[in-house]
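The values are calculated or read from the model by the stated rules, or taken from the named source; none is laboratory data. Just so it is clear, the model here is predicted, and its values are computed rather than measured. Reconstructed Cβ throughout: ideal geometry from the backbone, glycine too, with neighbour counts over all protein chains shown. These area figures cover heavy atoms from the full protein model, side chains too; ligands, DNA and RNA do not enter into them. Shrake-Rupley method; radii C 1.70, N 1.55, O 1.52, S 1.80 Å.
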Amino acid sequence: MASGELLAISDLHVAAGENKDIARKLRPGSDQDWLLVAGDVGEMSDDITGALEMLAGRFEKVVWVPGNHELWTPKQDPLQLRGEARYLELVRRCRELGVVTPEDEFPVWTGRGGPVTIAPLFVGYDYTFRPAGTSTKDEALAVAHESGVVCTDEFLLHPDPYPSRDAWCRARVDHSEKRLADCDPDLPTVLVNHYPLVRHPTDVLWYPEFAQWCGTVRTADWHVRHRAAAVVYGHLHIPRTTFYDGVRFQEVSIGYPREWKRRGLPDEPLRRVFPEES
């Protein structure tokens, strides 16, 4: 009988010492466990690869997708590559570690709950999750600036060689759709992306202006079109499970210490995708 569990986590933000301690304590329950890492391991390139190397040494397979923080280019990071070049360098490092990325062949989970195709995605945002009363990117950004709610991506996440972050997102949507269309049509999928694929999870944000940095309307039906058994995401720092069109969406983030201390950290920070949590 197939064994092992498919586990997930995101938004470890290991630059925070208490979060680094959480990462150090993560352990599989068996030698057959896989781990999905849905982005925002950290900002500094060595922190990112160091954490992934540690996890790759513990789990049978680690699957990683980038968050926005991995794509920042902080001035203090020895790796000063920007945009796509930075992303591809992180992909190269992951491959050296045996970590699966959105640029690799999609693996098939055959443990409990399988078989399912694990589809790691790198799809960003295009400012289409707009605040009420706005109809363009410029209007949405103006509302954010007026309210003082502006994502740090505007200063540290460079889209090079694309002219804008939304143009990069559009290119990644097109690329990902082709990859998903090539998946085995007889198998369900687990879609893994840093951002939620539908807008609904952003409805509970304390600052609704921030939603424009949280996804794209172009992925709104992917969970249906691509036979998702589950969708795994992070970014919002609101860990929970919701259902859309009967499909389970799991936000698996840890978040910053000030956030998880307020709500309390579970004894087991790893979320179980399969077998499904009761």
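The string of couplings for segment 33-44 from the Karplus curve (6.51, -1.76, 1.60, θ = phi - 60°) is 6, 9, 10, 9, 10, 8, x, 6, 5, x, 10, 7 Hz, one whole number per residue in order, with x for Gly and Pro.
Here the Karplus relation 6.51 cos²θ - 1.76 cosθ + 1.60, evaluated at θ = phi - 60°, turns the backbone of segment 149-160 into coupling constants of 10, 10, 5, 4, 3, 4, 10, 10, 9, 8, x, 2 Hz, with x for every Gly and Pro. Where the accessible area of segment 161-210 is counted over protein heavy atoms with a 1.4 Å probe, how much of it, in %, is carbon and sulfur? Percent of accessible area from carbon and sulfur atoms in segment 161-210: 54. Applying the criteria of a DSSP loop state and at most 16 other Cβ atoms within 10 Å to the chymotrypsin sites (Phe, Trp or Tyr not before Pro) of segment 155-211 yields Trp206. Among the lysines of the chain, pairs at least eight places apart or on separate chains and with Cα atoms under 29 Å apart come to 8.
Note on Asp138 and Leu81: the extension gain reaches 17.8 nm, defined as 0.36 nm multiplied by sequence separation minus the Cα-Cα distance.
Label-to-label distance, His200 versus Leu156, with points set 7 angstrom from Cα along the beta-carbon direction: 3.2 nm. With springs connecting C-alpha atoms under 10 Å apart, model the chain as a Gaussian network and identify which of Ser30, Ser176, Ser45 has the largest mean-square fluctuation. Among Ser30, Ser176, Ser45, the largest mean-square fluctuation in the Gaussian network model of the chain belongs to Ser30. Per the Debye formula on identical point scatterers at the alpha carbon atoms of segment 120-196, with no solvent, log10 I(q)/I(0) at q = 0.22, 0.27 Å⁻¹ is -1.08, -1.33. P(r) for the chain, from all Cα pairs and a bin width of 10 Å, is 7, 31, 39, 21, 3, 0 %, short bins first.
Between amide H atoms placed 1.01 Å from N, distances below 5 Å from His194 occur with Val123, all of them 5 or more places distant or on a separate chain. For Val273, the residues 5 or more places off, or on other chains, whose built amide H falls under 5 Å of its own are Leu6, Leu7, Ala8. Counting only protein heavy atoms and a probe of 1.4 Å, the accessible surface of segment 12-130 is 46% carbon and sulfur.
Roughly how many whole Å is it from the C-alpha centroid of segment 74-129 to that of segment 159-176? Distance between centres, Cα-based: 15 Å.
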